[in-house]
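Notes to accompany the following structure.
The values are calculated or read from the model by the stated rules, or taken from the named source; none is laboratory data. None of the values given here were measured: they were computed from a predicted structure. Here Cβ is always computed from backbone atoms with ideal geometry, including for glycine, and neighbour counts include all displayed protein chains.
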Amino acid sequence: MSAPSIREIARSLGLSHTTVSEAIRDSPRVNEVTRKRVQKAAKAVGYRPNPLAGALMSEMRRARSGTFRGVLAILDLDGPDRRPASSNRYHRELARGATARAAELGFKAETIVTGTQGISDTRLDTILQARGIRGLLLLPIAGDADISGLDWTHFSGIYTDYLIERPALHAVCPDHYRSMVFAVQKLHTLGYHRLGLVLQASHDARLLHRWEAAFHAYHEHHAQKEALPPLILPEWDKKAFIRWFKTKKPDAVLCHRAEVIEWMEACGAKIPETHGFCCLNVASNTRPCSGLDLQPGLLGARGVELLIAALHRNDCGVPDHPSTTTIPAVWVDGPTLRKG
């Protein structure tokens, strides 16, 4: 049995459907007694507002047109000023993929930066609801994000990284584990046998050590391959890297940051003649590298697809059972590894 409409609730209460609609939206144009009466009645019969219908009416009122273009928000909670340039390139590709796919599906995606603007959750909630925005795509956040201050009963959200807990939302992200196994297999195929993994500690922890876990597990189950202890750096440290490189003597290094190539060369390595470098995220560097394309544009597009599907289901709020959709990386040939 379908839930009652606003008109049916209005008839049962002897009110106009406009009054009931505004009362459900908690509009101050309806007096408090009537608002509470309507909201109690709506809750009793299981009424749930349709966010797409609300967005449609909001857009029609603004544009005075029957043409519908739903609006999604791409939320950047850090802002480009708080990220290294390497991360900004990845974030831009995520947003670009999301915006393009949203347009294909009849939606407009707008980026809202909160981190450098000092916008509180309460203010952001007001802005989003006033504009009829119900779909939120969150770009990756460097630290521990907390956006539980939003009234999530009004929103559907998708996070574009591995894990968010306040609140716990559905997520879409690279398949880090599978991608690491793929990279290690590729390097062995190219003739490298002493592989060295270099990670920043905060990045490793944010992904629950999935890069590191895959690296260890692969070597544990392939005993003929020599496993070097990874270098996990609290901060990027040239001196610490050079000590590790000279001591462990890897013939290929896997790392996100291309500046490591210069550190290798400072130790006498010639790339790709004597040593190799595999970038774990080629989108994060301007220098051409061999390595993994984590496909941020595709991740953004897939996130928008999941978000719009949730809106069509009227599936708002924090999910009871958040899920993660993963996409494996693809290999990019480049100048930092020998040819196969």
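Whenever a residue of segment 3-23 is basic (Lys, Arg), its partners that are assigned to a helix (DSSP H, G or I), lying with C-beta atoms within less than 7 angstrom and at least six residues away or across chains, give the pairs ARG7/HIS17. Among the residues examined, LEU280 qualifies as more than 27 Å from SER156 (Cα to Cα), buried (at least 23 other Cβ atoms within 10 Å of the Cβ), assigned by TED's automatic domain parsing to the domain that holds TYR192 and touching a residue at least 60 places away in the same chain (Cβ under 8 Å).
Within this structure, THR247 fails the test of being modelled with pLDDT of 95 or more, touching an Asp or Glu at 6+ places or on another chain (Cβ under 8 Å) and of a type in the set (S, T, N, Q).
Scan segment 254-308 for residues that are in a helix (DSSP H, G or I) and either over 23 Å from THR324 (Cβ atoms) or not hydroxyl-bearing (Ser, Thr, Tyr) (or both) and report the count. The total comes to 22.
Counting only strands (runs of 3 or more DSSP E) that sit completely within segment 99-188, those holding 2 or more residues that are of a type in the set (Ser, Thr, Tyr) and outside the structural domain of ARG25 (by TED's automatic domain parsing) correspond to 156-159.
Among the criteria (1) crowded, with 16+ Cβ neighbours inside 10 Å; (2) among the hydrophobic types (A, V, I, L, M, F, W, C); (3) under 26 Å from ASP144 (Cα atoms), the one ALA252 does not fulfil is (3). For segment 209-234, which positions are free of Cβ contacts under 8 Å to residues at least 24 places away in the same chain and closer than 22 Å to ASP161 by Cα? Once the filter is applied, which keeps residues that are free of Cβ contacts under 8 Å to residues at least 24 places away in the same chain and closer than 22 Å to ASP161 by Cα, segment 209-234 yields HIS209, GLU212.
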